[in-house]
Amino acid sequence: MKRREFVSATAAAGMAAAAPADPPKNAYFHLLYFYMRNGSQVDRTTAYLRDTFLPAAKRAGIGPVGFFSPVIGERSPYILSLASYPAWGAIATAYERLAADKDFQKGWDEYNNIQDPAYVRMESALLRAFDGIPTLDVPPTDAKRAARVFELRTYESVNEKASRRKIKMFEDGEAGIFRRLGMAPVFFGQAIVGDKLPHLTYMLSFDDLASRERLWRAFGSDAEWQKLRAQPGLSDAEIVSNISSAILRPLAFSPIR
């Protein structure tokens with residue numbers, strides 16, 4: 001190889017190596033609620049999610065996933081299944097794999113007994129991760145660590161413009177304040193399918209209920225938060241019409257815990 005060709009090839013290789021990686025695509029989050037009566041419905045749904053859906057989700061490339069029950073929340077008892085997909089196309093691919101998974105289909109058929117339903121109603125929402133916070137962060141854990149407490153919060157808005165303004169508020173500062181204070185966000189998503197649209201939903205994790213109370217007090221008095229919320233057009237009265245919250249604990253087999 002001639003010297004000039006060698007130099008050009010070397011420079012091109014160096015530029016390729018230094019090229020920044022593509023930014024992560026927006027993940028999608030499926031929130032699926034199983035509303036049940038106390039008793040066998042809870043046991044059967046727990047067993048289905050643990051023994052049928054979770055192994056099949058792993059085989060289908062769905063994840064991270066999590067399964068939660070309410071500590072504080074309306075319409076108990078229920079189980080919330082959280083499934084994450086790395087991109088829009090991954091949802092269709094995963095469902096095709098589940099449809100072809102004979103073990104999953106057998107377990108699904110046994111669970112969905114028409115004469116003896118295992119739940120009263122299912123409800124779901126599909127969320128698209130915020131552009132500025134495009135992925136789900138799984139809290140680190142180990143076998144010796146006690147399960148965390150999770151909080152799922154939903155902010156409804158009067159219209160899409162107001163909801164987008166609240167999303168930008170999270171991206172530009174509010175989520176960063178959460179992290180600085182140690183509130184450990186798991187995900188932030190804008191609902192694209194579901195009820196009470198438009199709305200956004202996010203999840204935080206805490207060591208326990210006491211730390212949750214302490215950290216929310218710290219957030220409420222934080223100088224950066226007070227400055228952010230005081231900006232014109234960013235007050236809750238202007239861009240949020242309703243806030244709902246549920247305190248959750250992960251089920252024993254939940255990978256997110």
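The values are calculated or read from the model by the stated rules, or taken from the named source; none is laboratory data. A quick note: this is a predicted structure, and the numbers were derived from the prediction, not measured. As a convention, Cβ positions derive from the backbone with ideal geometry for all residues, glycine included, and neighbour counts pool all protein chains shown. Only protein heavy atoms, including side chains, enter the accessible area calculation; ligands, DNA and RNA are left aside. Shrake-Rupley method; radii C 1.70, N 1.55, O 1.52, S 1.80 Å.
Conditions (1) over 24 Å from PRO23 (Cα atoms); (2) open to solvent by less than 60 Å² (accessible area, probe 1.4 Å); (3) in contact with a Lys or Arg (Cβ under 8 Å, 6 or more places away or on another chain); (4) among the hydroxyl-bearing types (Ser, Thr, Tyr), marked per residue:
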residue: SER84; (1), (2), (3), (4): no, yes, no, yes
residue: LEU98; (1), (2), (3), (4): yes, yes, no, no
residue: ARG128; (1), (2), (3), (4): no, no, no, no
residue: PRO134; (1), (2), (3), (4): no, yes, yes, no
residue: ASP142; (1), (2), (3), (4): yes, no, no, no
residue: ASN159; (1), (2), (3), (4): yes, no, no, no
residue: LYS168; (1), (2), (3), (4): no, no, no, no
residue: GLY176; (1), (2), (3), (4): no, yes, no, no
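Go through the stretch 216-238 and count every residue that is open to solvent by less than 60 Å² (accessible area, probe 1.4 Å) and part of a helix (DSSP H, G or I).
Qualifying residue count, the stretch 216-238: 6.
Do you know which residues across the stretch 166-186 are of a type in the set (A, V, I, L, M, F, W, C), in contact with a strand residue (DSSP E or B) (Cβ under 9 Å, 6 or more places away or on another chain) and either touching a residue at least 60 places away in the same chain (Cβ under 8 Å) or in a helix (DSSP H, G or I) (or both)?
Within the stretch 166-186, ILE167, PHE170, ALA175, PHE178, VAL186 meet the criteria.
For the stretch 118-144, give me each residue that is under 12 Å from the mean Cα position of the chain (by Cα) and either on the phi > 0 side of the Ramachandran plot or outside any loop (DSSP other than H, G, I, E, B) (or both).
Matches in the stretch 118-144: ALA125, LEU126, LEU127, ARG128, ALA129, PHE130, ILE133.
For GLY189, are the conditions met, namely being in contact with a Leu (Cβ under 7 Å, 6 or more places away or on another chain), of a type outside the set (Phe, Trp, Tyr) and in a strand (DSSP E or B)?
Taking the combined requirement at face value, the residue satisfies it.
Of the residues that make up the stretch 53-66, is at least one within 22 Å of LEU200 (Cβ to Cβ), outside any loop (DSSP other than H, G, I, E, B) and either touching a residue at least 60 places away in the same chain (Cβ under 8 Å) or not basic (Lys, Arg) (or both)?
The answer is yes, given that some residue of the stretch 53-66 is within 22 Å of LEU200 (Cβ to Cβ), outside any loop (DSSP other than H, G, I, E, B) and either touching a residue at least 60 places away in the same chain (Cβ under 8 Å) or not basic (Lys, Arg) (or both).
Scanning for something of a type outside the set (S, T, N, Q), within 20 Å of the chain's Cα centre (by Cα) and under 23 Å from ALA129 (Cβ atoms), does the stretch 216-224 turn up at least one residue?
Within the stretch 216-224, not a single residue is of a type outside the set (S, T, N, Q), within 20 Å of the chain's Cα centre (by Cα) and under 23 Å from ALA129 (Cβ atoms).
Would you mention how many residues in the stretch 28-45 are hydroxyl-bearing (Ser, Thr, Tyr) and farther than 24 Å from THR154 by Cβ?
The qualifying residues number 1.
Can you find even one residue in the stretch 144-151 that is among the aliphatic types (A, V, I, L, M) and at pLDDT below 95?
Yes, the stretch 144-151 contains at least one residue that is among the aliphatic types (A, V, I, L, M) and at pLDDT below 95.
Do you know which residues across the stretch 196-215 are open to solvent by 70 Å² or more (accessible area, probe 1.4 Å) and either closer than 20 Å to ARG165 by Cα or aromatic (Phe, Trp, Tyr) (or both)?
Within the stretch 196-215, LYS196, LEU197 qualify.
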